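The values are calculated or read from the model by the stated rules, or taken from the named source; none is laboratory data. Quick caveat, the model's predicted, so the values are computed rather than measured. Neighbour counts run over all protein chains shown; Cβ positions are idealised from the backbone, glycine included. Side chains included, ligands, DNA and RNA excluded: accessible areas come from the protein's heavy atoms. Shrake-Rupley method; radii C 1.70, N 1.55, O 1.52, S 1.80 Å.
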Amino acid sequence: EKGGWSSFMAKEISEEPEAVANTILGRVVDGQAVLPELEGLDGMLAGIDRVIVIACGTASYSGLVGKYAIEKWARVPVEVELSHEFRYREPVLNERTLVVSISQSGETMDTLMAVKYAIANGARTLSICNTQGATIARESDAVVYTHAGPEVAVASTKAFVAQITALYLFGLHLARVRGTLDAETSAHQLAELQGIPAKIEQVLGNGEEITQLAKWMSDSRAVLFLGRHVGYPIALEGALKLKELAYIHAEGFAAGELKHGPIALIEPGQPVFVIVPSPRDPNSLHAKVVSNIQEIRARGARILAIAEEGDVAVLPFADEVIRIPLAAPLFEPLLTVIPLQLFAMELATAKGLDVDQPRNLAKSVTVE
Ligand code: M6R
């Protein structure tokens, strides 16, 4: 039941802090990530030379976030591929390939068929799934459940943050087994992750400004989303949410791609959400994204920046600044996605649309 909320989606967004906290629960032992469901698989995990993540839609964007974390911590190459593309291109697989499927429902036919293909072609399989006993979970060698609780709204929200959380835990587990990360760094990362639910709560507390923004923008015809590094998959996710809920043409881009084409789309008044990396980012991506903002602002774009508290560099160039609390740069997606989910929901609501049941879509896609 909706329990007093206007929609399942609103309720499920409000449950995101618990979705993350419950997914972490019982998986941190003495400051180390320990996934009990992977017990006995250390030898296999130490021996893999490649990870291929397969998923569709929002779940695939969680995989893209996971790629940054897993490669950084566990030093194993990670590819992310849409399930329906994966199985029709004769991918090179062997027993040193770990295919990680991600699915909220665990019933998505494209992903199920891709998992079966992976098994038939000698790969090892792990599924990240939100539904106990789902078909994909049963087919895989191992399953790491996300504990987001049942997700009813067609648009995935709390399952997405839980998937990202599970991937961080898996990345740290894998790093421990492979000996690629020292215990202190790992413990520090986990402490940061454990602090995220309270920060999501803070972002949710600023929901009213997003509602206003969505109302002002309810007649937008196209909205662009820019991000870089882990902000890039969040730009893709922000665009998908807006398409599926508000039926507005939306595109997400890697900010570095702007000059390679998308900047031609910028005309006066074009709304662009920009996910601004933390100024503390070790790769100095903050300055690069601020310079992207200047470039598009000079061409008339209306800038809606999602930036860390205290980041003043964006102020002269942004029309709106949505603040997120300080977090370790790798974990920022768990915060930056929240305003984009709220924005799509509020904009659809302002247009009088059914946010739980958008047109033409089903909660789980059980046909190919
Ligand atoms: O159940 P799954 O996680 O396998 O579903 C995958 C996609 O169909 C799903 O994430 C879809 O993109 C959502 N409607 C996005 O909000």
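Some notes on this structure:
- Note on segment 2-21: residues that are of a type in the set (D, E, K, R), surrounded by fewer than 21 Cβ atoms within 10 Å (Cβ to Cβ) and assigned to a helix (DSSP H, G or I) amount to 2.
- Summed over segment 22-33, residues that are over 22 Å from the mean Cα position of the chain (by Cα) and part of a loop (DSSP other than H, G, I, E, B) total 3.
- Among the residues making up segment 232-252, none is open to solvent by less than 40 Å² (accessible area, probe 1.4 Å) and away from the ligand (no atom under 16 Å from the Cβ).
- Exactly one residue out of Leu340, Leu330 is closer than 17 Å to Trp216 by Cα and of a type outside the set (Ser, Thr, Tyr): that is Leu340.
- Condition met for Gln294 (surrounded by fewer than 16 Cβ atoms within 10 Å (Cβ to Cβ), assigned to a helix (DSSP H, G or I) and of a type outside the set (Ser, Thr, Tyr)): yes
- In segment 43-57, residue farthest from Val78 (Cα to Cα) [restricted to those that are within 16 Å of the ligand (Cβ to nearest atom) and open to solvent by 10 Å² or more (accessible area, probe 1.4 Å)]: Gly57
- Within segment 79-107, considering residues that are surrounded by 23 or more Cβ atoms within 10 Å (Cβ to Cβ) and of a type in the set (A, V, I, L, M), the one nearest to the ligand (Cβ to nearest atom): Ile102
- Positions within segment 144-175 being of a type in the set (S, T, N, Q) and open to solvent by 10 Å² or more (accessible area, probe 1.4 Å), in sequence order: Ser156
- Residue check, Asp110 surrounded by fewer than 21 Cβ atoms within 10 Å (Cβ to Cβ) and either of a type in the set (A, V, I, L, M) or in contact with a Leu (Cβ under 9 Å, 6 or more places away or on another chain) (or both): no
- Val312, sole failed condition from (1) more than 16 Å from the ligand (Cβ to nearest atom); (2) buried (at least 16 other Cβ atoms within 10 Å of the Cβ); (3) among the β-branched types (Val, Ile, Thr): (2)
- Condition check for Val203: in contact with a strand residue (DSSP E or B) (Cβ under 7 Å, 6 or more places away or on another chain) and open to solvent by less than 20 Å² (accessible area, probe 1.4 Å): yes
- Leu265 vs. criteria over 25 Å from Leu361 (Cα atoms) and open to solvent by less than 10 Å² (accessible area, probe 1.4 Å): no
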